[in-house]
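Take a look at the structure below.
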Amino acid sequence: MGVKGKLIGSIEVKCGGHLVHDIFHNYTHHIPNICRGKINHFEIHEGGAIKVGSVVGWKYNDGDGKEKNLKQVIEAVDSQNKSISWKVIGADLLELYNSFTTIASCDHQWTTWTFVYEKKTEETPEPLVLLGIALDLTKISKVTFTRTRTSIYTLICLSV
């Protein structure tokens, strides 16, 4: 049995947590466009939408600029409390960790990322680089939604 850990990082978002939750729940497919250079690809493998049981895949750049793969199942979506929980089921990450769960939650002006994991060995590093990517993703995703005449949401990226 490996060493269990929990890593938590929060960042203030002036646009409000509900908008960040909307991006990760309803507009996840836009994240590679919003976060170029960090997130390269997003795909829904099973489920057709971001809902409990959906299987999603990501391609992202790690701290060294190497492309990594991540496959997750959505364990929970709580629209009222604005949180989403993903469990890693396949990825480069599982070479280092026996299990890895990511929880993104939004409360008023704060977005919090929580990683709950079990390292394969004591020498396995804490996932600080991944937490940095998540916090950067939130900073880059500071967006505002504006309604167009056709009632379609348009994402407007604000500079970091």
Exception for LYS82 within (1) of a type in the set (Lys, Arg); (2) within 24 Å of GLU126 (Cβ to Cβ); (3) buried (at least 18 other Cβ atoms within 10 Å of the Cβ) falls at (2)
Taking the stretch 41-100 and keeping residues at pLDDT 85 or above, among the aromatic types (Phe, Trp, Tyr) and under 16 Å from ILE31 (Cβ atoms) leaves TRP58, TYR60, TRP86
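To keep it simple, each residue is scored yes or no on (1) over 14 Å from the mean Cα position of the chain (by Cα); (2) within 22 Å of TYR97 (Cα to Cα).
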| residue | (1), (2) |
| --- | --- |
| VAL20 | no, no |
| HIS30 | no, no |
| CYS35 | no, no |
| ALA49 | yes, no |
| LYS59 | no, yes |
| ASP64 | yes, yes |
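Within the stretch 62-91, count every residue that is without any contact (Cβ under 8 Å) to a residue 40 or more places away in the chain, assigned to a strand (DSSP E or B) and not hydrophobic (A, V, I, L, M, F, W, C). Give the steps one after another, and end with the answer.
If we filter the stretch 62-91 for residues that are without any contact (Cβ under 8 Å) to a residue 40 or more places away in the chain, which is where we start, we get 64-76, 78, 80-81, 85-91.
Still in the list and also assigned to a strand (DSSP E or B): 67-76, 78, 85-91.
Adding the requirement that they be not hydrophobic (A, V, I, L, M, F, W, C) leaves 67-69, 71-72, 75, 78, 85, 87, 90.
Total meeting the criteria: 10.
Looking at LYS59, is it in contact (Cβ under 8 Å) with a residue 12 or more places away in the chain, exposed (fewer than 15 other Cβ atoms within 10 Å of the Cβ) and within 23 Å of GLU46 (Cα to Cα)?
yes
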It is to be established whether one or more residues within the stretch 15-25 are in contact (Cβ under 8 Å) with a residue 12 or more places away in the chain, in contact with a helix residue (DSSP H, G or I) (Cβ under 8 Å, 6 or more places away or on another chain), surrounded by 18 or more Cβ atoms within 10 Å (Cβ to Cβ) and part of a strand (DSSP E or B). no
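Can you pull out every residue in the stretch 92-138 that is in a strand (DSSP E or B) and farther than 19 Å from GLU75 by Cα?
Those that are in a strand (DSSP E or B) and farther than 19 Å from GLU75 by Cα: ASP107, TRP110, LYS119.
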Flagged pairs (Cβ under 8 angstrom, 6 or more apart or on separate chains; first in the stretch 34-50, over 19 Å from LYS68 (Cβ atoms) and surrounded by 18 or more Cβ atoms within 10 Å (Cβ to Cβ); second modelled with pLDDT under 75 and not hydroxyl-bearing (Ser, Thr, Tyr)) are ILE50/PHE24; ILE50/HIS25; ILE50/ASN26
Listed by first then second residue, the pairs whose first member lies in the stretch 117-133 and is in contact (Cβ under 8 Å) with a residue 12 or more places away in the chain and surrounded by 17 or more Cβ atoms within 10 Å (Cβ to Cβ), whose partner is in a strand (DSSP E or B) and among the small types (Gly, Ala, Ser), with beta carbons under 7 Å and at least 6 positions apart or on separate chains, are TYR117/GLY5; TYR117/SER99; LYS119/GLY5; LEU131/GLY9
Here the residues within the stretch 66-79 that are under 19 Å from PRO127 (Cβ atoms) and either surrounded by 13 or more Cβ atoms within 10 Å (Cβ to Cβ) or under 15 Å from the mean Cα position of the chain (by Cα) (or both) are LYS68, ASN69, LEU70, LYS71, GLN72, VAL73, GLU75
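The values are calculated or read from the model by the stated rules, or taken from the named source; none is laboratory data. Keep in mind it's a predicted model, so treat the numbers as computed, not measured. Backbone-built Cβ (ideal geometry, glycine too); neighbour counts: all protein chains shown.
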